[in-house]
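I have placed the structure first, in the form of structure tokens, so that the comments after it can refer back to it.
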Amino acid sequence: MALELRQSLKLSQQLVMTPQLQQAIKLLQLSRLELQQAIREELEKNPVLEESQEGPQDGGDSQEERAAGTGEAGPAQEDGAAPAGEAPPQRAEKGLIDRLDWNYYFGDGGHQEGRGEREREEDDGRPYYENLVSRKPSLAEHLEWQMGLSTADETLRHIATYLIGNIDENGYLKVSAEEAALTLSEPQEAVDHGIAKIQSLDPLGVGARDLRECLMIQAREKGDDFALPLKILTDHFDFFCRGDLGGISRRLRVSREAVRDAYQKLVTLSPKPGREFSGDDVHYITPDVHIFKVDDQWVITLNEDGQPRLRLSSYYRRLLAEGDSLPKEDREFIKQKINSALWFIKSIQQRQRTIYKVVESIIKLQRDFLEHGPKGLRPLTLRDVAEDISMHESTVSRVTSGKYAYTPHGIFELKYFFNSGLNRDGGEDDIASKSVKEKIREIISAEGGGKPLSDQELMRLLRNQGIRIARRTVTKYRAQLGMLPSSRRKKPF
């Protein structure tokens, strides 16, 4: 077969992921905190972009069109990574500066009236004491500090330091005495002495190998009042775990009332003594949108508090206006940075509009939730919202990840409103799985502690309400709610 060279033309259509489109998609899926960090990073690397001290962030459909040219696509279409035909035209990247409404995008760079005492102090280089955050010591630091105050010799300190490094956040020692002795090349008796030393430190129960030892350490320190509780832990720990007060009473030959009193004392002990030093700070969720009712209408408000407001620097505008007085390389550099800043601002605006459209669709499809709470949730998929607002499913998925909405029933991640459904009897509409979970939660919360309902009984109650559900599904939902089985929900007294 002979080889030959040929010329041919081939016409094809494909999605071109320009850097601007990639940036818009990346900003769309960022959470609120991640977006603020991305804005800070862009402010640092792009000298043309600056933070405005007053006024709303550059945004507005008609003004944006004046900046980018009417009729041309923005940095990201409504469908994000949608089919090929929806990618922004390349011509939108060219000549953007020539069509720019400079009066809109530029403020007076020399404006300094908004500077307050806080900024003047920054110029002085003096620190703000309210910005100095104190950090509570970790469990390891707390234990090492106590060892530093003790009269232990160097060998014991060395062993204790190793043991402290093997204590987890709950206060339990995660290495055996044999392993520690082998690692440290020390006699096991010395390691046992080190473990006993650690267990004598604050908080009580730290350094224990298991729950039983942890509770016994605390019970011993309580004195004679915990004599019976300590004996229960020593000889009948398995009965204590099961809550079998009658079994403990028969084996110890004491009254059931005495066992109940001892049980009440035991449950006051801490099963995780290191928890108070876990160092897990509380992180409060700031919602991206607020949903509230005004005159029988549900209103959406985007939360832009704390988000830097961006504009282009008037200084670089003046430099660019000088024209030929600048070297060609400098002029091209400024144009490139201005284009980059404009695309960044427009991407943020596009992100806000997309979030608004998705939340608006969720409100329309989940109106019963807003009126009646979680019990009113209906089955909903990403495809339902995507079809309602003519967007791609991937865009809806990006918008709903890590974004939160404030509603009259609490703050929920947007993903919360999407869930599968279960069939109803009688041909009624399907019911959302989250609504079924809420019903299970209410039934269990209302039951008496003396005779909790089994999963089979829960299934029957739900079926009496017209919800077709299997017992294993009830078990799965109950476990997801963090609720114990009926055998462990029964109160011993």
For this session: Return the total of residues in the range 440-466 being under 19 Å from residue 369 (Cβ atoms) and either aromatic (Phe, Trp, Tyr) or surrounded by fewer than 19 Cβ atoms within 10 Å (Cβ to Cβ) (or both).
Result: 3
Exercise. Residue 435 fails exactly one of the following numbered conditions: (1) in a helix (DSSP H, G or I); (2) loosely packed, with under 14 Cβ neighbours inside 10 Å; (3) not charged (D, E, K, R). What is the number of that condition?
Worked result: (2)
Problem set entry | Given (1) farther than 30 Å from residue 415 by Cα; (2) exposed (fewer than 13 other Cβ atoms within 10 Å of the Cβ); (3) in contact with a strand residue (DSSP E or B) (Cβ under 7 Å, 6 or more places away or on another chain), number of the condition residue 325 does not satisfy | (3)
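Any residue in the range 176-187 that is within 20 Å of residue 207 (Cβ to Cβ), surrounded by 10 or more Cβ atoms within 10 Å (Cβ to Cβ), modelled with pLDDT of 90 or more and in contact with a Leu (Cβ under 7 Å, 6 or more places away or on another chain)? Working first, answer last.
In the first step, residues of the range 176-187 are kept if they are within 20 Å of residue 207 (Cβ to Cβ); the result is 176-184, 186-187.
Those left that are additionally surrounded by 10 or more Cβ atoms within 10 Å (Cβ to Cβ): 176-184, 186-187.
Retained after the next criterion (residues that are modelled with pLDDT of 90 or more): 176-184, 186-187.
Add one more test, that the residue is in contact with a Leu (Cβ under 7 Å, 6 or more places away or on another chain), and what stays is 180.
Looking for residues that are within 20 Å of residue 207 (Cβ to Cβ), surrounded by 10 or more Cβ atoms within 10 Å (Cβ to Cβ), modelled with pLDDT of 90 or more and in contact with a Leu (Cβ under 7 Å, 6 or more places away or on another chain), one finds at least one in the range 176-187, hence yes.
Taking the options 181, 190, 227, 219, name whichever one is under 39 Å from the mean Cα position of the chain (by Cα) and assigned to a helix (DSSP H, G or I).
Unique residue meeting the criteria: 219.
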For this session: May I ask you to list pairs of residues, at least six apart or on different chains, whose Cβ atoms are under 9 Å apart, with the first in the range 127-153 being more than 15 Å from residue 274 (Cα to Cα) and the second being modelled with pLDDT of 85 or more and of a type in the set (S, T, N, Q)?
Result: 147/161
Problem set entry | Given (1) at pLDDT 85 or above; (2) under 32 Å from the mean Cα position of the chain (by Cα), index of the condition residue 280 fails | (1)
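Quick one: which helices (runs of 4 or more DSSP H) sit completely within the range 443-491 and have at least 3 residues that are over 29 Å from residue 378 (Cβ atoms)? Reasoning before the result, please.
Details: elements: 455-464, 471-480, 486-489.
Counting at least 3 such residues, we get 486-489.
Every residue, every condition in (1) exposed (fewer than 13 other Cβ atoms within 10 Å of the Cβ); (2) of a type in the set (Lys, Arg); (3) farther than 26 Å from residue 488 by Cα, yes or no:
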| site | (1), (2), (3) |
| --- | --- |
| 153 | yes, no, yes |
| 158 | no, no, yes |
| 199 | no, no, yes |
| 211 | no, no, no |
| 215 | no, no, no |
Exercise. Does the range 207-215 include one or more residues that are within 35 Å of the chain's Cα centre (by Cα) and at positive phi?
Worked result: yes
Exercise. Do we have any residue at all in the range 327-341 that's assigned to a helix (DSSP H, G or I), within 17 Å of residue 36 (Cα to Cα) and not acidic (Asp, Glu)?
Worked result: yes
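Condition check ((1) under 25 Å from residue 480 (Cβ atoms); (2) of a type in the set (Asp, Glu); (3) over 21 Å from the mean Cα position of the chain (by Cα)) across all residues:
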{"residue": "351", "(1), (2), (3)": "no, no, no"}
{"residue": "376", "(1), (2), (3)": "yes, no, yes"}
{"residue": "380", "(1), (2), (3)": "yes, no, yes"}
{"residue": "392", "(1), (2), (3)": "no, no, yes"}
{"residue": "406", "(1), (2), (3)": "yes, no, no"}
{"residue": "435", "(1), (2), (3)": "yes, no, yes"}
Exercise. Can you tell me which residues in the range 198-216 are touching a residue at least 24 places away in the same chain (Cβ under 8 Å), in a helix (DSSP H, G or I) and of a type in the set (D, E, K, R)?
Worked result: 212
Exercise. Condition test on residue 234, is it surrounded by fewer than 19 Cβ atoms within 10 Å (Cβ to Cβ) and under 30 Å from residue 413 (Cα atoms)?
Worked result: no
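Taking the range 384-420 as the search range and keeping residues that are out of contact with any helix residue (DSSP H, G or I) (no Cβ under 8 Å at 6 or more places or on another chain) and part of a strand (DSSP E or B), which one is surrounded by the fewest Cβ atoms within 10 Å (Cβ to Cβ)?
We begin by selecting, within the range 384-420, every residue out of contact with any helix residue (DSSP H, G or I) (no Cβ under 8 Å at 6 or more places or on another chain); these are 387, 390, 394, 406, 410-412.
Retained after the next criterion (residues that are part of a strand (DSSP E or B)): 406, 410-412.
Numbers: 406: 18, 410: 10, 411: 14, 412: 17.
Ranking the candidates gives 410 first.
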Problem set entry | Selection status of residue 296, acidic (Asp, Glu), surrounded by 13 or more Cβ atoms within 10 Å (Cβ to Cβ) and under 38 Å from the mean Cα position of the chain (by Cα) | no
Exercise. Inside the range 230-275, can you point out the residues that are among the polar types (S, T, N, Q) and either more than 30 Å from residue 140 (Cβ to Cβ) or part of a helix (DSSP H, G or I) (or both)?
Worked result: 234, 249, 255, 264
For this session: Report, by residue number, each residue of the range 237-257 that is surrounded by 17 or more Cβ atoms within 10 Å (Cβ to Cβ) and within 11 Å of residue 212 (Cα to Cα).
Result: 240
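Would you check if residue 357 is touching a residue at least 40 places away in the same chain (Cβ under 8 Å), in a helix (DSSP H, G or I) and in contact with a Ser or Thr (Cβ under 8 Å, 6 or more places away or on another chain)? Spell out the reasoning first.
Values: touching a residue at least 40 places away in the same chain (Cβ under 8 Å): yes; in a helix (DSSP H, G or I): yes; in contact with a Ser or Thr (Cβ under 8 Å, 6 or more places away or on another chain): no.
Considered against the rule, which asks whether it is touching a residue at least 40 places away in the same chain (Cβ under 8 Å), in a helix (DSSP H, G or I) and in contact with a Ser or Thr (Cβ under 8 Å, 6 or more places away or on another chain), residue 357 comes out as no.
The values are calculated or read from the model by the stated rules, or taken from the named source; none is laboratory data. Note that the structure is a prediction, hence the values are computed from the model and not measured. No Cβ is skipped: glycine too gets one built from the backbone with ideal geometry, and neighbour counts run over all protein chains shown.
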